[in-house]
Amino acid sequence: MISTNRKTGKPARRHSLPGVRQSVGSALTAVLVALVGNGTAHAEDAVPALEVSDPFIELHTAPGRGYPIFHVIEKGEQVELLKRKTNWYKVRAASGETGWTKASQLGRTLQPTGLPADLPEVSHGQYLESSWRVGFTAGQLEQSPSFSLTAGYRPLTWLGAEIEAGKIYNQSVTSDYYGANLILEPLHQWSLTPYALIGYSQFSFDARQKVLLSDLGDADGVTLGGGLGYYIGRNFLIRAEYRVYSVSSNSDSTGLSEWKIGLNTFF
């Protein structure tokens, strides 16, 4: 039956506003539920869960073999990946314990699908976060081949310190040199990272090493230099460097130059 307006005799209009409001409310509710559901799904995806396939994995208190083991996760249990630092991962066990384990152990864990986990590789960012590195370099000091071993520590992403010990070869004679350097790396946005170097060196020249210094014996030197570090993958970095030494022995002083290239690994 159609109702009419008593005054005009025309059909009365039904006000459908409550119905519209109800429809809009239902639609908004559905959208919110979908958004919340998607957000929950993304949050779950952000923390990947893996199943341990080894007999067990060990949790350390910090990323390094020297830190104590405080918990063991057994085969078949679930772990969640929280953070990565070079070849160590911070994980959370199903029981709630969090600790660090080697990537080599997690490489044998399984996804919920039963397939082996495809863990991400170490990146340039992890190199910048690493604390320790060691390396080997080869080059030429003036006209003489030189080789050195280095060990460094980085307290900050832009500042590091290293010590080195090396040999200088000339006419079948070897001489030693030692150094301590500060390394400044202010630019981090590229895989090819420039750096500056300042340090102190000590030389012990052989009596026949006249090509380097006329006044022979022990000599001290101030080191200034710069170079480029190129991250090549995993835990390895190539360094190319040029240095200038201001060397003093007794009352004499001279300038020496050296170029070198080397391979570093970090952890």
Residues of the stretch 142-184 being more than 30 Å from the chain's Cα centre (by Cα) and either open to solvent by less than 20 Å² (accessible area, probe 1.4 Å) or of a type in the set (Ser, Thr, Tyr) (or both), in sequence order, are Ser144, Ile168, Tyr169, Ser172, Val173, Thr174, Ser175, Tyr177
When the stretch 239-265 is checked residue by residue, the ones that are within 30 Å of the chain's Cα centre (by Cα), open to solvent by less than 70 Å² (accessible area, probe 1.4 Å) and in contact (Cβ under 8 Å) with a residue 40 or more places away in the chain are Arg239, Glu241, Arg243, Glu258, Lys260, Gly262, Asn264, Thr265
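Go through the stretch 68-90 and give me each residue that's of a type outside the set (A, V, I, L, M, F, W, C) and surrounded by 13 or more Cβ atoms within 10 Å (Cβ to Cβ).
Once the filter is applied, which keeps residues that are of a type outside the set (A, V, I, L, M, F, W, C) and surrounded by 13 or more Cβ atoms within 10 Å (Cβ to Cβ), the stretch 68-90 yields His71, Glu77, Gln78, Glu80, Arg84, Lys85, Thr86, Asn87, Tyr89, Lys90.
Being part of a strand (DSSP E or B) and either β-branched (Val, Ile, Thr) or touching a helix residue (DSSP H, G or I) at 6+ places or on another chain (Cβ under 9 Å) (or both) is the filter here; which residues of the stretch 225-235 pass it?
Of the stretch 225-235, the ones part of a strand (DSSP E or B) are 225-233.
If the condition is that a residue be part of a strand (DSSP E or B) and either β-branched (Val, Ile, Thr) or touching a helix residue (DSSP H, G or I) at 6+ places or on another chain (Cβ under 9 Å) (or both), then Gly229, Tyr231, Ile232 are the ones that fit.
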Residue pairs within 9 Å by beta carbon, gap of at least six or interchain, first lying in the stretch 55-70 and farther than 12 Å from Phe267 by Cβ and of a type in the set (S, T, N, Q), second at pLDDT 90 or above and open to solvent by 90 Å² or more (accessible area, probe 1.4 Å), listed first then second, are Thr61/Phe70
All conditions in (1) assigned to a strand (DSSP E or B); (2) of a type outside the set (Asp, Glu); (3) surrounded by fewer than 18 Cβ atoms within 10 Å (Cβ to Cβ) are true of His188 except (1)
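The values are calculated or read from the model by the stated rules, or taken from the named source; none is laboratory data. These figures come from a predicted structure and were not determined experimentally. Cβ sites come from the backbone with ideal geometry, for glycine too, and all protein chains shown count toward neighbours. When the accessible area is computed, the model is the full protein with side chains, heavy atoms only, and any ligands, DNA or RNA have been set aside. Shrake-Rupley method; radii C 1.70, N 1.55, O 1.52, S 1.80 Å.
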